[in-house]
Amino acid sequence: MTNPKLAVLIAALAVAAFLGEAIAQNEPAPAPQPPSSPWQKPFAEQATEEAWTAFKDGQYEAASVKAGECIAKCETVADQIEATLESARIVLPKGAVSQEDRKRIARYQVLHDVATCLWIKGQAEEKLGHQAEAKKAYTQAIKYSHARSSRPTGDSFWSPAEKAAEALAK
């Protein structure tokens, strides 16, 4: 976008829309995300997608690196979202969810992406035989109890924190 004033206006309108929707439902407002172009996914979402793809393709080192980039850049925001959801006692559903619940879950996408990347990193490090690094990633993922990750169809959600706890228990 070549007009910086227009870009700021669009970003402000997007934030206002998110805040209005969150306040209307008595939920904490989602953490602001850096503006992205309409043709590009937000960084955390893109990095998570790339980490998943690398993992599914058996490129475990690349999956760990890409997940690590998401974690390093977005962990502070995820921590803030987790603390806000915890203090407000918000419960996000798991399993099959309604369209309305999908929208509620999507408000906290950075949290979900960081927790999912920690789980992917743990899985990738396990595949590489790096047990200490896997344990560290799983331990970090557990602190994000409000995070949800979706199945590829997007109609069912699971908890990366719970999956990380299961992996640690093995």
Karplus 3J(HN,Hα) series, Hz, for region 84-98 with 6.51 cos²θ - 1.76 cosθ + 1.60 (x for Gly, Pro): 5, 5, 5, 5, 8, 6, 7, 10, 9, x, 10, x, 5, 10, 6
ASP155 accessible area, 1.4 Å probe, all protein chains in place, Å² to nearest 10: 70
ILE142 accessible area, 1.4 Å probe, all protein chains in place, Å² to nearest 10: 70
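Before I look further, what does region 60-164 give for accessible area per residue, probe 1.4 Å, in whole square angstrom?
The answer is 47 Å² per residue.
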Accessible carbon and sulfur surface of region 83-164 relative to its total accessible area, %, 1.4 Å: 50
Accessible surface ranking that places the most exposed of ARG151, ARG102, ARG107, ARG89 first, with a 1.4 angstrom probe: ARG89, ARG151, ARG102, ARG107
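The values are calculated or read from the model by the stated rules, or taken from the named source; none is laboratory data. All of these numbers come straight from a predicted model, not from anything done at the bench. Heads up: the accessible areas ignore ligands, DNA and RNA and are worked out on the full protein's heavy atoms, side chains in. Shrake-Rupley method; radii C 1.70, N 1.55, O 1.52, S 1.80 Å.
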